[in-house]
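The values are calculated or read from the model by the stated rules, or taken from the named source; none is laboratory data. These figures come from a predicted structure and were not determined experimentally. Methodologically, a virtual Cβ is constructed for each residue, glycine included, from the backbone with ideal geometry; neighbour enumeration extends over all protein chains shown. Side chains are part of the model used for accessible areas, which takes the heavy atoms of the whole protein and leaves out ligands, DNA and RNA. Shrake-Rupley method; radii C 1.70, N 1.55, O 1.52, S 1.80 Å.
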Amino acid sequence: MEDQDSNPAKEVARDVFPFLRVYKDGTIQRLVATESLPPGLDSETNVVSKDVVIFPETGVSARLYLPNSAVAAADDEPISRKKLPLVVYYHGGGFFAASTASREYHSALNRIVAASNVILASVDYRLAPENPIPVPYADAFAALEWIAGAGGRSEPWLRDHADLDRVYLAGDSCGANMSHHFALKLSGSGRALRIRGVAMIHPYFWGKDPIGAEVGDGFRKAMVDNWWLFVCPSEKGCDDPLINPFVEEGNGSGLQKLGCERVIVVVAGDDILKDRGRLYYEKLVGSGWKGKAEYLETEGKDHVFHIIQPDCEEAKIVFKRLGAFFNDDS
C-alpha cells in the first residue's frame with residue numbers, strides 16, 4: 001500500500017534515499033513523483049504506441065512503439081518488406097521505481113524508436129518492495145518469452161512488423177542488469193528464441209568492495225548499497241550474483257557463454273556505476289566470448305541522463321549509436 005502524503009507522526013522503518021520510505025505500519029511513501037503519459041501518436045517523433053496486457057493475473061504489460069510510417073505503409077507493401085528489428089526494452093529504477101508509462105521513459109523511447117526505425121516493446125514488470133526480487137526478473141523474462149513467442153504472434157503489431165530473426169534486448173540501469181542475465185539464461189537453453197544483441201545502458205552492477213570512483217565516494221557507495229539491500233535481502237548482500245556478476249560463484253567466469261552475437265555497453269562519465277560498466281566490457285572482451293563488443297562513454301553526464309534529458313545533444317548521440325547497433329546486420 002502506498003502513502004503519498006507525508007506524515008511526521010509515523011515511524012520510519014526504512015529510508016531508501018531519495019526514492020521512498022517504508023513506515024513501521026507497512027505503508028510506503030514514494031518521494032519521487034512520476035507523471036504518467038498515455039500511449040498514442042507522438043507528434044514530435046511520428047512514433048505511435050499502444051499498451052498490451054501480457055499476463056492479466058499479475059498485471060504485467062508492455063507498451064509497444066512503432067514508427068508511424070510503418071503503420072501507414074501497411075496497406076501498400078507486402079508484409080515481408082515491413083519487418084523491423086524487435087527491441088525488448090527494460091526500464092530502470094532500481095527495481096522499485098518508474099514504469100513504462102513514466103513521462104521520462106515514454107519521451108525517451110519515442111526518440112530511440114525514431115532514431116532506430118525499430119519496433120520496441122517496453123516491459124512493465126512488478127516492482128519491489130511489494131514484489132521483491134526475484135519477482136521483477138521473473139516477470140521480465142516471462143514477458144520476453146511472450147513477446148517473441150506465441151503471444152507475440154497473436155498481437156498484430158508484433159506479428160506484422162517484428163522480425164523475430166533480429167531480436168535485441170536493451171535496458172538502462174537495472175533493466176540492463178536483467179538483459180545481461182537473460183542473455184546468459186538463453187544460452188544453451190534449448191529455447192527457440194535467439195537474441196541478436198544486447199544494449200546495456202548505464203548497467204546496474206555492484207559489489208561489496210568499492211572500485212574506481214566508488215573508493216573516494218563513500219556517500220554514493222552507501223546509497224547504492226542501501227538500494228540493493230532493500231530490494232534483495234540476500235545473505236550475500238552486494239555480492240549476490242544477481243548484482244555482482246564477477247564474484248567467484250557468479251557468472252563472471254561465464255561471460256563467454258553470453259547468448260548473443262553483439263553487445264554495446266554505454267556508460268556516463270559522472271555515474272557512480274561507470275566503473276562497473278567498464279569492468280563488464282573489459283571482462284567480456286577478455287572472456288573468450290566470440291561476439292563483437294562495443295563501448296561508448298559520455299563524458300560529463302550522470303546516470304540515465306538520456307532518459308532525464310532526451311533532447312540534449314549527448315542523448316541524441318547515444319540514440320544514434322543505438323540505432324546503428326540495432327540495424328547492423330553484419
(message) Using only the alpha carbons of the stretch 125-202, what is the convex hull's orientation-averaged projected area in square nanometres?
(response) 5.5 nm²
(request) State the volume of the convex hull built on the alpha-carbon positions of the stretch 22-164, expressed per residue in Å³ and rounded to an integer. (result) 110 Å³
(request) Over 27 Å between C-alpha atoms is what I'm after, so list which of 83/301; 221/290; 221/292; 82/320 land there. (result) 83/301; 221/290; 221/292
(message) List the residues, sorted by chain then number, that are 5 or more residues from residue 295 or on another chain and whose placed amide H is less than 5 Å from its amide H.
(response) 265
(request) Report the relative contact order of the stretch 133-250, percent, no decimals, based on alpha-carbon pairs under 8 angstrom and at least 6 residues apart. (result) 22 percent
(request) Only helical DSSP H runs with n ≥ 4 go in: add -39500 (n - 2.57) per run for the chain, normalise by residue count and round the 222 nm mean residue ellipticity to 500 deg cm²/dmol. (result) -9000 deg cm²/dmol
(message) I'd like the antiparallel share, as a percent to the nearest 5, of DSSP beta bridges with both residues in the chain.
(response) 45 percent
(request) Beta carbons within 10 angstrom, averaged per residue: use that to sort the peptides 298-304, 22-28, highest first. (result) 298-304, 22-28
(request) Stick to Cα atoms and the Kirkwood definition of Rh, then tell me Rg/Rh for the stretch 104-249. (result) 1.00
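Which of the peptides 154-165, 262-273 is most tightly packed, and how do the rest follow, judged by the mean count of other Cβ atoms within 10 Å per residue?
So the peptides 154-165, 262-273, ranked by packing, come out 262-273, 154-165.
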(message) Could you tell me how far the Cα centroid of the stretch 295-320 sits from the Cα centroid of the stretch 150-183, in Å?
(response) 22 Å
(request) Kindly state, as a whole number, the per residue volume in cubic angstrom of the convex hull around the alpha carbon atoms of the stretch 15-62. (result) 122 Å³
(request) For the chain, state the semi-axes of the equivalent ellipsoid (square roots of 5 times the eigenvalues of the alpha-carbon gyration tensor), sorted largest first and rounded to whole angstrom. (result) 31, 24, 19
(message) Based on the alpha-carbon set only, what is the convex hull volume of the stretch 120-165 divided per residue, in Å³?
(response) 71 Å³
(request) Using amide H atoms built 1.01 Å from N in the peptide plane, name the residues 5+ places from residue 171, or on other chains, whose amide H lies under 5 Å from its own. (result) 90, 199, 201
(message) If I compute solvent accessible area with a 1.4 Å probe over the protein chains, what percent of it on the stretch 270-315 is carbon and sulfur?
(response) 48 percent
(message) Starting from the Kirkwood Rh over alpha-carbon pairs, what translational D in µm² s⁻¹ does the stretch 216-278 have by Stokes-Einstein at 20 °C and 1.002 mPa s?
(response) 159 µm²/s
(request) Summarise the long-distance tail of P(r) for the stretch 182-289 by giving the % of C-alpha pairs beyond 18 Å. (result) 52 percent
(request) Over 32 Å between C-alpha atoms is what I'm after, so list which of 185/274; 50/236; 10/50 land there. (result) 50/236; 10/50
(message) Under 5 Å between amide hydrogens, which residues at least 5 positions from residue 301 or on another chain qualify, with H placed 1.01 Å from N in the peptide plane?
(response) 269, 270
